Amino acid sequence: MAQADLQVSLESTEGLKRRIKLSLPARSFEDRVAERTRVVAREARVNGFRPGKMPVKEASRRFGASIRREVAADLMQESFFQAAERESYDIAGPPVFDPPDPSAGGQFSFVATFEVMPEIEVADLSDIRLVRPEAEVTQDDIDGMIQTLRERSRKWETAERAAEEGDLIVADFTVSGEAAGDPRIPGKDARFIVGGGGVLEDIDQAVRGMSVGETKEFPATVPEDSPDESLRGSELTCEVAVTAVEKPVLPPLDDAFFRTLGVREGGEPAFREEIRKDMQARLEAAIRQRMQEQVLEAIADVHDFALPEALVERERAQMSEDLRQRVGLPEQSEQLERIGELVGTEAEKRVKTGLVMKAIVAQESLTLDANRLRERIEGMAERYEKPQEVIEAYYGDERLLQSVEQTTLTEQVIDHVAGLAKVDTVQSTFQDVMSGKPASQEGAEEQA
């Protein structure tokens, strides 16, 4: 089909939506129908005809309607994208076609409705203000991490005493009251750690000081912030019988324990240094994450433009599917609509920030830093036994490489924005940074 044969006229414009009419000589359509019919006549396997011997007229009689529909669909797609290229439409999503107009005389004429990408004028990024938390890994932080690692490797042994905080309790429960018989309430051989938050606070408090063989009855109230809305505020009467009390036994700080965490020589000094390096790397990653989150939030706030519905819907569908798989819902679930509502706002934000970042890349002529890409891949490969093979695998797989390239370029854009923005620093702690506690602008100003 020649470009000159295709006629395009704009019918309407509304925001990012465009409605255009496309027309080309009817012979373009009929010639394709005739060619497709000849192909079907040669290739179709139909009783009564030898392969390749079906008459074209018979093929047209049997398959003509479906052939015309297929050719029309193909020709509309081809014509639309040819027109989009010629008219320089920056298409945001797939077009929707009206059926061809049968009254167009000697023309194959149809209408396409589609969305275009918004034109984005990048705001003055120097007006953005960010807060960067600063912290260091202290000896107390290292001691706390070592204690956590020891607790993860703890063993349990029978305690010849009453239950204390940190002990593992095994108990039988009976419950009466508003939630009596509810299977979500612990029953026989319930196991929980005192002070570990695994049971209602009233139950946790009641078992303290109890010994094996003791039974106690007491009231318990389900708190108003319980995840189970149906139980909030329920008044219960509990009877608990303790059948076992076990105390934790932490592994000693010796070479055997160090080896379980990958430190094979150097004793405790080498172990503590390895812990420090790991915590420092995690701290730096958390600070980078904080800065990235602020940049993404800021660039969304300082730009205002219409979003293509097609892009938002595609992002919403992908996020909904990811969430559905994570929570283990079936593909046909009544909760899918609710999931779509939950991720709707976040989908809009992701589309918006993605479009702004693309505009920044274009305006600032940013290109992928090959050295930074290489460093990222090498860092990922270090965790494997044969890192060089992993590196080669990434560079040899276009899909894997594109994923890392996109992440790397995104980080470059974020660093670029942060370099232009006003950045205030605020002193923080390792624990606060890792827990996600926000660093306030007011705190930064007070320290300035």
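The values are calculated or read from the model by the stated rules, or taken from the named source; none is laboratory data. Everything quoted here is computed from the prediction, not taken from an experiment. Positions of Cβ are generated from backbone atoms using ideal geometry, with glycine treated the same way; all protein chains shown enter the neighbour counts. What goes into the accessible areas is simple: the full protein's heavy atoms, side chains included, and nothing from ligands, DNA or RNA. Shrake-Rupley method; radii C 1.70, N 1.55, O 1.52, S 1.80 Å.
Quick notes
- Cα gyration tensor category, rounded, prolate or oblate, for the range 1-92 with a/c compared to 1.5: prolate
- Longest site-free stretch - the chain; sites: trypsin sites (Lys or Arg not before Pro), DSSP loop, at most 12 other Cβ within 10 Å: 265-382
- Net +/- balance of residues flanking I67 in space, Cβ distance below 15 Å, scoring K and R +1, D and E -1: +2
- Student exercise, the range 266-360 dipole from Lys, Arg, Asp, Glu Cβ charges, in Debye to nearest 20: 360
- Charged side chains reduced to their Cβ positions (Lys and Arg at +1, Asp and Glu at -1) give the chain a dipole of some 3080 debye around its Cα centre.
- Value of [θ]222 nm, deg cm²/dmol, for the chain, DSSP H segments ≥ 4, -39500 (n - 2.57) each, nearest 500: -16500 deg cm²/dmol
- From phi via Karplus (6.51, -1.76, 1.60), per-residue ³J(HN,Hα) for the range 5-11 in Hz, x at Gly/Pro: 6, 8, 10, 10, 9, 7, 8
- Normalised by the number of residues in the range 1-136, the mean separation of alpha-carbon contacts (under 8 Å, six or more apart) gives a relative contact order of 29 percent.
- Most mobile of D127, D172, D101 in a GNM of the chain (Cα contacts under 10 Å): D172
- Near R372: Cβ cut-off under 14 Å, other residues only, Lys/Arg at +1 and Asp/Glu at -1. The net charge is -3.
- Loop-resident GluC sites (Glu not before Pro) (DSSP state other than H, G, I, E or B) in the range 307-388 with no more than 16 further Cβ atoms inside 10 Å of their Cβ: E331, E334, E382, E385.
- If you take all other residues with their beta carbon under 12 Å from the beta carbon of G52, and give Lys and Arg +1 and Asp and Glu -1, the sum is +4.
- Taking only Cα atoms of the range 116-220, radius of gyration then Dmax in Å: 24.7, 74
- Prolate/oblate/rounded label for the range 248-341 (Cα gyration tensor, a/c 1.5): oblate
- For the residues E136, E229, E14, a GNM of the chain with alpha-carbon springs under 10 Å puts the largest fluctuation on E229.
- Separation of the range 357-389 from the range 403-418 is 8 Å, based on Cα centroids.
- Residues with amide H under 5 Å from that of D424, placed H, sequence gap 5 or more: L130, V131, R132
- Hz values of 3J(HN,Hα) by residue in the range 364-373 - Karplus curve (6.51, -1.76, 1.60), Gly and Pro given as x: 8, 6, 6, 10, 5, 7, 4, 5, 5, 4
- Rounded accessible area per residue of the range 232-361, 1.4 Å, Å²: 58
- Within a Gaussian network of the chain (alpha carbon springs, distance under 10 Å), most fluctuating of P252, P51, P95: P51
- Over every Cα atom in the range 43-188, the radius of gyration and the widest Cα-Cα span, Dmax, amount to 37.2, 98 Å.
- Surface composition of the chain: carbon plus sulfur atoms hold 46% of the accessible area, using a 1.4 angstrom probe and ignoring ligands, DNA and RNA.
- The Cα atoms of the chain define a convex hull whose projected area, averaged across directions, is 36.8 nm².
- Sequentially through the range 216-231, phi angles give Karplus couplings (6.51, -1.76, 1.60; θ = phi - 60°) of 9, 10, 7, x, 9, 10, 6, x, 6, 9, 4, x, 8, 4, 5, 9 Hz, Gly and Pro residues having no value and appearing as x.
- Cross-linked pairs K17/K422; K247/K277; K17/K349; K155/K386; K277/K386: Cα-Cα separations exceed 28 Å for K17/K422; K247/K277; K155/K386.
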